[in-house]
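Some notes on the structure that comes next.
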Ligand SMILES: Cc1cc2nc3c(=O)[nH]c(=O)nc-3n(C[C@H](O)[C@H](O)[C@H](O)COP(=O)(O)OP(=O)(O)OC[C@H]3O[C@@H](n4cnc5c(N)ncnc54)[C@H](O)[C@@H]3O)c2cc1C
């Protein structure tokens with residue numbers, strides 16, 4: 001385990017803000033990662049793991065305790081899966097996009113639409129990363145978790161992580177701790193062997209992004225390159241030369257509201273129904289069965305509404321910034337709060353609060369931040 005001179009988190013996060021921790025460890029092997037965490041837990045020391053730092057807003061003050069940088073790498077093809085599918089086990093610190101590139105080279109489908117998302121593989125399940133209609137929940141089989149409650153390593157099936165829209169039991173949402181505390185050491189994905197030829201492109205969102213009609217086909221490599229180009233146009237691929245990418249991606253989550261509330265929003269506001277809740281499988285105990293099976297109960301699904309639309313229609317267009325502030329909205333994407341050069345976390349938080357207030361007074365809902373906030377109040 002390598003203890004290194006603590007570096008400011010401004011150098012290790014994509015928003016380029018954040019103070020310096022008391023101690024910093026670079027864990028390059030799984031054993032180093034486990035030892036560092038178990039030592040911190042035994043000593044009762046405050047701790048935090050950082051992967052690519054692309055979903056973090058860290059405050060300007062010194063960070064208490066130890067920051068452990070997850071730098072483990074490796075992809076292992078697991079034996080024993082048949083029927084045109086292949087399982088990969090990936091170490092937590094492996095670069096996510098390098099993993100996606102590998103799957104595309106190997107002709108494996110399932111994560112190609114998530115090309116270009118920054119960060120590490122181990123952080124991907126934390127908020128169930130997703131893009132263009134594809135989410136990791138569709139391919140994740142299990143994770144190896146070092147559990148803080150027991151101090152031991154456990155194999156946790158994906159279903160037990162309760163992956164939802166940018167959430168899981170491991171994610172710290174603003175104002176709430178994680179429901180389960182632990183660190184992912186590796187994850188296992190199950191992907192479909194489709195090879196290098198064309199195959200039907202699934203999902204309306206992805207087809208729209210690729211400019212394709214229903215029933216259209218493409219190769220994995222085509223999907224990856226088109227997704228990367230589309231993301232780059234929106235400043236959603238990290239680029240040192242482009243301050244529009246000095247961000248944590250989308251800063252606010254698309255808001256999930258009731259169908260009734262959604263009807264109060266202007267009709268032009270883009271919205272997507274969450275999956276309908278239909279009680280399809282019911283078990284009627286034989287003793288209670290009277291020969292009648294009631295039709296399934298269908299509830300009006302909640303609706304996801306576009307946070308970018310709400311921000312822009314609250315009068316805060318792309319490129320907006322407060323007077324004298326070095327934080328501003330990306331000039332390409334109204335959802336990305338960016339560091340225009342030497343901004344502090346305080347300036348980013350001030351902009352975030354201003355946006356929340358404007359959207360709330362215009363539309364009556366409070367946008368929730370997507371990144372994990374450490375030492376920052378909104
Ligand atoms: C330009 C840009 C575009 C983006 N686009 C998308 C997108 O399209 N879709 C999307 O979903 N996200 C997107 N994001 C957000 C971000 O890239 C993802 O959430 C990513 O998975 C974060 O990985 P990371 O390694 O950088 O995590 P970090 O920022 O290092 O950490 C995030 C949180 O996860 C915790 N964590 C990290 N590693 C582990 C681990 N091994 N075990 C347990 N906890 C851990 C950290 O403690 C922290 O709480 C984007 C970000 C940027 C900057």
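By its C-alpha gyration tensor, with a ≥ b ≥ c as the square roots of the eigenvalues, how is region 190-266 shaped: rounded for a/c under 1.5, else prolate for a/b larger than b/c, else oblate?
oblate
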Counting each DSSP H run of 4 or more residues in the chain as -39500 (n - 2.57), what helix-only mean residue ellipticity at 222 nm follows after dividing by all residues, to the nearest 500 deg cm²/dmol?
-6000 deg cm²/dmol
For region 75-233, convex hull volume per residue from C-alpha positions, Å³
115 Å³
Can you put 240, 222 in order, fewest other beta carbons within 10 Å first?
240, 222
What percent of all Cα-Cα pairs in the chain falls in each 10 Å bin, counting up from 0?
5, 21, 30, 26, 13, 3, 1, 0
Value in Å of the Kirkwood radius, where region 315-365 supplies the Cα pairs that are averaged
11.0 Å
Take every Cα pair under 8 Å in region 75-233 that's 6+ residues apart, average their separations, divide by the length, and report that relative contact order as a whole percent.
27 percent
Would you work out the relative contact order for the chain, in percent, from Cα pairs under 8 angstrom that are 6 or more residues apart?
16 percent
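Mind giving me the FRET efficiency for residue 322 and residue 260? R0 is 30 Å, r the Cβ-Cβ distance, nearest 0.05 is fine.
Taking R0 as 30 Å, the efficiency between residue 322 and residue 260 is 0.30.
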Would you mind calculating the gained length between residue 350 and residue 28 on full extension (0.36 nm times residue separation, minus the Cα-Cα distance), in nm to one decimal?
112.3 nm
Would you mind ranking 47, 272 by Cβ crowding within 10 Å, fewest neighbours first?
272, 47
A correct fewest-to-most ranking of 187, 12, 78 by other Cβ atoms within 10 Å would be 78, 12, 187
Relative packing of 365-375, 197-207, which averages over residues the other C-beta atoms within 10 Å, highest first:
365-375, 197-207
Over the alpha-carbon set of region 1-80, divide Rg by the Kirkwood Rh and report the Rg/Rh ratio to two decimals.
1.04
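Since every read-out is calculated from the coordinates, none of them should be taken as a lab result. Just so you know, these numbers come straight off a predicted model, no measurement behind them. A quick note on method: Cβ atoms are made from the backbone with ideal geometry, for glycine too, and the neighbour counts reach across all protein chains shown.
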